[in-house]
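Taking it in order: structure first as structure tokens, then the write-up.
Coordinate-derived values only; no laboratory data. Please read all numbers here as calculations on a predicted model, not as lab measurements. We place every Cβ from the backbone using ideal geometry, glycine too, and count neighbours over all the protein chains shown.
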């Protein structure tokens, strides 16, 4: 099966390349090779390679920066997604797109289901939701949108790598403890995306994360403990819990963004691994 991966240089794009099944013929393009904000460029790339599936792993993910540059966020997270959807719909190509827990406001008392009402709190979530809507607007398009949360990897820019840097620089690190979600390894997410792309058993909106829940504080403590055990950190560090109000940011974050992955894992035959187990695996990669 010929598959075009867009956003190949990001942490998910790299994970998709690393976990690509041997039976798949992959063309992976980063933003320097394909400007998805230009529909003509998307059409040319798609028609030249003639894939059966397009996986969109690209996004404007700088949540706070999106508040000051909304046009750029919407251009990448919405308009460019519309370009991919239009070209795929016209050519009968399946589109698998990755979205975010930030389409919700965090006011739920239970994990969010794929059909729950959306209410983003900021530009990032709103622009990602707009991208989802542009996909759904193409009635003839064969598509899956996989919403996920708190993605990290051994490369790129993410919470794990930021915490490791801070633990090496500071004796005390303060981390928000009243925002709850699920840390998700890019490698496990990539497995879900590949199954969704190949099997055809999952269509429409889907949710996937690793198993378990945590606050950012819980996540940071786990990073410190696991990294210290692996010899990645040598100096003692105090990780202090704080509240969201003590760490103001340009963008509001949902206080609770746990996703219900039941339907997705059942459809794809996946058994989610607990986030701490996958964290340990990623930290081992950094030690190698």
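For the stretch 35-80, the alpha carbon positions stretch 37, 18, 11 Å along the principal axes, listed from largest to smallest. Which shape class applies to the stretch 223-282: rounded if a/c is under 1.5, otherwise prolate when a/b exceeds b/c and oblate if not, where a ≥ b ≥ c are the square roots of the Cα gyration tensor eigenvalues? Judged from the Cα gyration tensor, the stretch 223-282 comes out oblate (a/c at least 1.5, b/c at or above a/b). Remark: C-alpha extents of the chain on the principal axes read 56, 38, 37 Å, sorted largest to smallest.
The alpha carbon centroids of the stretch 241-261 and the stretch 24-90 are separated by 28 Å. For the stretch 126-212, the square roots of the Cα gyration tensor eigenvalues, ordered a ≥ b ≥ c, give a/c of at least 1.5 with a/b greater than b/c, which places it in the prolate category. Among 103, 213, 172, the largest mean-square fluctuation in a Gaussian network model of the chain, built with springs joining Cα atoms closer than 10 Å, belongs to 172. Does the stretch 1-88 come out rounded, prolate or oblate, given a ≥ b ≥ c as the square roots of the eigenvalues of its C-alpha gyration tensor, rounded meaning a/c under 1.5 and, failing that, prolate meaning a/b above b/c? Oblate, because a/c is 1.5 or more while a/b does not exceed b/c. Seen against the Cα atoms of the chain and their longest principal axis, helix 80-91 is set at about 30 degrees. Modelled spin-label separation between residue 133 and residue 260, with each label point placed 7 Å from Cα along the Cα-to-Cβ direction: 2.3 nm. Note on the stretch 9-53: the alpha carbon radius of gyration divided by the globular reference 2.2 N^0.38 Å gives 1.23. Suppose the Debye formula is applied to equal point scatterers at every Cα of the stretch 188-288; what is log10 I(q)/I(0) at q = 0.12, 0.14 Å⁻¹? Each listed q maps to, in turn, -0.57, -0.74. Against the chain, whose longest principal axis is taken from its Cα atoms, helix 159-169 shows a tilt of about 30°.
Of all DSSP beta bridges confined to the chain, the antiparallel ones make up roughly 5%. In the stretch 1-147, the alpha-carbon atoms span a convex hull of 113 Å³ per residue. Each peptide in 143-151, 214-222, 156-164 receives the mean, over its residues, of other Cβ atoms within 10 Å, and ordering these scores from highest gives 143-151, 214-222, 156-164. Shown for 135, 180: other C-beta atoms within 10 Å of each C-beta, ranked fewest to most, produce the order 180, 135. Going from the residue with the fewest nearby Cβ atoms within 10 Å to the one with the most, 23, 185 rank 23, 185. The ranking of 79, 40 by Cβ neighbour count inside 10 Å, starting from the fewest, reads 40, 79. Fraction of C-alpha pairs exceeding 15 angstrom in the stretch 162-208: 65 percent, rounded to a whole number. Seen against the Cα atoms of the chain and their longest principal axis, helix 123-136 is set at about 30 degrees.
Using C-alpha pairs under 8 Å with a sequence gap of at least 6, the mean separation divided by the residue count of the chain gives a relative contact order of 21 percent.
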